[in-house]
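Please treat every number below as a calculation from the coordinates, not as lab data. Source: prediction; values computed, not measured. Cβ coordinates were reconstructed from backbone atoms using ideal geometry, including for glycine residues, and neighbour counts include every protein chain displayed.
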Amino acid sequence: YSIAKEGNVSLKIFDVLGQEVVSLVNEFQKVGNYKVSFNARQLATGIYFYRIQSGSFTNVKKMMLIK
């Protein structure tokens, strides 16, 4: 992911019920490109959502986990 403006960044994974299952990033980050690894071994196959927040920017996307 890319950060256009420095600030607190949050990247979290949610299940279909809206419950947070993993918090991948929750820290202050400077402008730049970042990578994060996500180990989904403990999660079941299904639909999940990830939400990234940075300053006033928020984006939610759907993803499918297939094992």
query = Can you list the lysines whose alpha carbon is less than 16 Å from that of LYS5, not counting same-chain residues fewer than 8 positions off?
reply = LYS30
query = Tally Lys and Arg at +1 and Asp and Glu at -1 over the other residues with C-beta under 9 Å from the C-beta of LYS12: what net charge comes out?
reply = 0
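Relative contact order (percent) for the chain, with alpha-carbon contacts under 8 angstrom and 6 or more residues of separation?
In percent, rounded to a whole number, it is 36.
Using the Kirkwood radius over Cα pairs, work out the Stokes-Einstein diffusion coefficient for the chain at 25 °C and 0.890 mPa s, in µm²/s as a whole number.
Details: Rh = 12.7 Å.
Answer from the Stokes-Einstein relation: 194 µm²/s.
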